[in-house]
There are 2 protein chains.
Amino acid sequence: MNQKIYQNILKKIALTKTEFEHFLTFTKTVVLDKNEHFLNEGKVANYIAFVVSGGLYSYTLDEKGKKNVLQIALENYWISDLYSFFSQEISKLNIEVITKTELIIISKDNFDKCCDTIPAFDRFQRLLFQNAYVNTLQRVAELNSKSAPQRYLDLVNKHPEIIQQVPQLLIASYLGIKPQSLSRIRKKICTKNSKATIN
Amino acid sequence: MNQKIYQNILKKIALTKTEFEHFLTFTKTVVLDKNEHFLNEGKVANYIAFVVSGGLYSYTLDEKGKKNVLQIALENYWISDLYSFFSQEISKLNIEVITKTELIIISKDNFDKCCDTIPAFDRFQRLLFQNAYVNTLQRVAELNSKSAPQRYLDLVNKHPEIIQQVPQLLIASYLGIKPQSLSRIRKKICTKNSKATIN
DNA sequence: CGTCTATTTGAATGTACTCAAAAGCGGTGG
DNA sequence: CCACCGCTTTTGAGTACATTCAAATAGACG
């Protein structure tokens with residue numbers, strides 16, 4: 001069970017079993033049902049979450065109330081509004097559950113305590129932020145250089161689990177297109193003998 | 001001259017004159033001509049730069065060698081590949097000069113020394129990163145929710161100085177459209193009696 | 001089974017794109 | 001000072017693609 005999160009952290013920093021146990025005492029496990037919110041815009045992100053099972057997504061709402069999906073986090077990923085979490089400023093993001101989800105969460109206060117007591121933890125914090133930044137920068141580059149079908153194929157190749165587990169409504173928003181268009185793109189790709197490369 | 005950078009830092013953290021003078025000893029001033037490169041992909045970003053005058057832009061190159069503008073930094077802005085700068089990993093970005101530019105630059109080593117010797121500097125580092133992250137996240141949200149004309153108008157309102165000082169080629173790429181399309185968008189907006197709001 | 005939501009499909013529209021060419025602008029050298 | 005060159009911006013015509021509106025189908029859940 002907790003092996004998952006231990007392995008995940010080990011990929012980023014060196015952490016002894018003892019240190020990990022120490023870290024765990026600062027965490028809580030919560031289960032959220034479909035459509036429940038992990039974070040609401042206007043609030044401060046007090047927690048960061050590791051997804052043990054299930055999935056969530058973060059989004060903004062535009063003036064017309066339309067959702068705009070920014071991030072999708074399934075099993076083995078971390079999610080929060082890292083900006084709000086670290087700065088403790090008000091968040092502009094919402095984070096909502098896709099399917100019944102088990103999370104390991106840690107509060108800002110406890111996270112800080114981990115940084116104070118576990119030598120490598122500062123590095124962990126930095127890496128979380130850096131990864132988030134790099135991924136976002138990558139998305140900007142792809143959003144304004146690649147076509148919608150290409151962005152979809154990239155997603156299929158990099159994160160097939162997202163295609164399988166997430167409603168197309170959300171995937172479409174994540175890709176910056178309408179659900180109808182995604183449906184047509186999928187159809188067109190299928191007729192091409194599932195040649196999952198560039199046209 | 002150095003007032004500019006002092007004021008800029010003061011907006012983020014409290015810094016005494018003495019501390020600022022101390023910081024300055026770690027910096028260098030360089031002047032780069034049009035088309036010179038401040039950073040090349042494949043290298044590590046050893047410096048972060050404050051733009052005293054002139055301007056630069058960062059971009060990635062796609063498979064076909066097409067530029068993809070990510071960030072534009074004119075007077076009073078900081079620029080670097082913050083990811084590469086802080087992680088000291090290889091950068092995937094290029095940073096090039098738009099017009100003859102005067103920069104105040106500081107190396108990673110010296111930046112670290114500032115963090116060690118100036119109490120508030122750690123915070124400055126975090127804020128730089130946080131701002132970059134938030135701006136990038138914002139761009140993702142806008143790129144896949146707003147129309148090209150709307151994105152252009154937003155830029156006009158938020159950063160008119162960019163419209164005035166940067167070639168349309170680069171602005172188009174920054175907005176994720178072709179130069180021809182930007183030209184047509186500008187034309188259409190002008191005919192609307194320069195009503196710089198939503199259609 | 002019925003309701004609600006997600007996905008698919010159709011037809012018409014709109015927007016950005018490509019290819020191509022012309023016009024504008026800045027700088028260099030004769 | 002003018003002619004020329006290279007680069008940016010504009011304009012035109014035709015095309016490709018995503019969008020809208022609308023409706024039908026399919027799935028999920030109580």
Counting pairs of alpha carbon atoms under 8 Å apart in space and at least six apart in sequence, what relative contact order in percent does the stretch B:3-145 give?
-> 32 percent
Note: B:130-136 gets an average of partner chain Cβ contacts (10 Å, Cβ to Cβ) equal to 6
Positive-end residue of A:GLN168, A:PHE124, A:THR29, charge dipole of chain A with Cβ unit charges | A:GLN168
State, to one decimal in nm and shortest first, how far the label point of A:ARG184 sits from each corresponding label point in the other identical copies (label point: 7 angstrom along Cα-to-Cβ).
-> 1.8
Given unit charges at Cβ for Lys, Arg (+) and Asp, Glu (-), the dipole magnitude of chain B about its Cα centre in debye, nearest 20, is 1140 debye
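Which value in deg cm²/dmol, rounded to the nearest 500, describes the helix-derived mean residue ellipticity at 222 nm for the protein assembly as shown, given -39,500 (n - 2.57) per DSSP H run of n ≥ 4 and division by the residue count?
-14000 deg cm²/dmol
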If the label point is 7 Å along Cα→Cβ of A:LYS64, which residues in the stretch B:132-147 have backbone nitrogen under 18 Å from it?
-> B:141-147
Rounded to the nearest Å, the spacing of the alpha-carbon centers of the stretch A:1-42 and the stretch B:28-48 is 40 Å
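Hey, got a sec? Which chymotrypsin sites (Phe, Trp or Tyr not before Pro) in the stretch A:69-98 land in a DSSP loop and have at most 16 other Cβ atoms within 10 Å?
Hits after loop and neighbour filter: A:TYR77.
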How big is the C-alpha Rg of the stretch A:146-199 next to the rule-of-thumb value 2.2 N^0.38 Å, as a ratio?
-> 1.01
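Just flag the trypsin sites (Lys or Arg not before Pro) in the stretch B:28-116 sitting in loop per DSSP whose Cβ has no more than 10 other Cβ atoms within 10 Å.
Answer in residue order: B:LYS64.
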Which one of B:CYS190, B:THR18, B:TYR83 has its Cα pushed farthest toward the positive end of the charge dipole of chain B, where Lys and Arg give +1 and Asp and Glu give -1 at the Cβ?
-> B:CYS190
Within the stretch A:119-197: Cβ-based charge dipole about Cα centre, in debye rounded to nearest 20 (Lys, Arg +1; Asp, Glu -1) = 420 debye
Any DSSP H helix in chain B with Cα axial reach of 24 Å or more and mean Kyte-Doolittle score of at least 1.0? Listed by number, the hits are none
Over the whole of B:106-116, what's the average partner chain Cβ count within 10 Å per residue? Rounded to a whole number, please.
-> 0
How many times 2.2 N^0.38 Å is the alpha carbon radius of gyration of chain B?
-> 1.09
Let me see the pair-distance distribution of the protein assembly as shown: every alpha carbon pair, 20 Å bin width, integer percents in order.
-> 24, 56, 19, 0
Using a simple charge model, +1 on the beta-carbon of Lys and Arg, -1 on the beta-carbon of Asp and Glu, nothing else, what dipole does the stretch B:6-59 show about its Cα centre, in debye to the nearest 20?
-> 140 debye
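Bear in mind that the values in this text are calculations on the coordinates, not laboratory data. Given the structure is predicted, the values throughout are model-derived calculations rather than measurements. When we count neighbours, we look across all protein chains shown, and the Cβ atoms used for this are built from the backbone with ideal geometry, even at glycine.
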